1. Using Cα pairs under 8 angstrom and six or more residues apart, how large is the relative contact order of region 179-247, in percent?
2. Over region 157-295, consider all pairs of different Cα atoms and compute the Kirkwood hydrodynamic radius from their mean reciprocal separation; express it in Å, one decimal.
3. I'm checking a number: the convex hull volume of the Cα atoms of the chain, normalised per residue, in Å³. What is it?
4. Return the Rg/Rh ratio of region 101-176 with Cα-based radii and a Kirkwood Rh.
5. Per 0.36 nm of contour for each residue apart, how much would the distance between L65 and A214 grow if the chain were fully extended, relative to their Cα-Cα spacing?
6. For the chain, calculate the relative contact order in percent as a whole number, restricting contacts to Cα pairs under 8 Å that are 6 or more residues apart.
7. Relative to the longest principal Cα axis of the chain, at what angle does helix 4-14 sit, 0 to 90 degrees, rounded to 10?
8. Taking the Cα-to-Cβ direction at S271 and at L105 and moving 7 Å from each Cα, how far apart do the two end points lie in nm?
Amino acid sequence: MRTPSGQFRELLDMIKFEHTVFALPFAFLGALGAAQGMLPPLRTVLWILAAMVGARTAAMTFNRLVDADVDAENPRTADRALPAGRVSKAGAVALLGAGIVLFGLAAGVLGPLTWALSPLALVIILGYSLCKRFTSWAHVVLGLSLSGAPLGAWIAVSGRIEPPALWLSGGVLAWTAGFDILYALQDQGYDRSKGLHSVPARLGTAGSLALSRALHVLALGAWAMFNLHMGSHLIAWAGWVAVAAMLAREQWLVRGGDLSRIDQAFFTLNSFVGIVFFLGHALEWWLSRSLLSAV
């Protein structure tokens, strides 16, 4: 029998809690951009963090619950916590409920518009898990789910939707869809054999790689438009260049459909994309504030 703390650790491992880092820096960047040169209130930032944790926890737990039967049959995923029996279904349902409650509470505290949009956000982030059963474009729905992080944070600070937020969120959508297509290459044969839908199952390896590259180019274009709207200077653009280099490296690692380094391409590089882009803007903001205070 596992102890409660051991069961909780298994639940966190089941949803890969540490991968919250993928979208969290973009949420903070959305908050920073919406503040228009000011520092967002700490209370707002903490509730944005709570909303992010709640939304991702709910989305990933729901995904593991609805995919438990599929995961059990797939050799790559059969050892996941639910199909392997390391966590109970009741425990996963409880975690799902906690994530939804935390997200709803945070959305309500952050403002009327975030609260009004929260049901739509839940439909998108939970509905993603069902998409693979009827559409090949589940990767885009996943991108739409993560794109809500910077958009929601922007709304939480400014109370409205503005063009820079849409460019930032659009970039997250395209970036996420692009790297998820690469990850899905691992299950191309399995998806086809089980009648599941994905871009690799539909387009094959070459078509999937081409589409992934195109999406990453679109992401860089959208983030360039964000920089232009924000009036970014050298440091923020240096961050953009570093992100472009990381995405190019990611595509190079899987060239020709070679998946031997997919973990480096998917987890390692993508975990730094948001951090680097955020740090470029944050450092530029901090230096501009320091120069203004010195004058």
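1. Rounded, it is 25 percent for region 179-247.
2. In region 157-295 this quantity evaluates to 16.3 Å.
3. It is 128 Å³ per residue.
4. Taking Rg over the Kirkwood Rh, I get 1.00.
5. 50.4 nm
6. Relative CO of the chain lands at 20 percent.
7. 80 degrees
8. Taking the two extended label points, one gets 2.8 nm.
The values are calculated or read from the model by the stated rules, or taken from the named source; none is laboratory data. Since the model is a prediction, treat every value here as computed from it, not as a measurement. FYI the Cβ positions are ideal-geometry reconstructions off the backbone, even for glycines, and counts take in every protein chain you see. Side chains included, ligands, DNA and RNA excluded: accessible areas come from the protein's heavy atoms. Shrake-Rupley method; radii C 1.70, N 1.55, O 1.52, S 1.80 Å.
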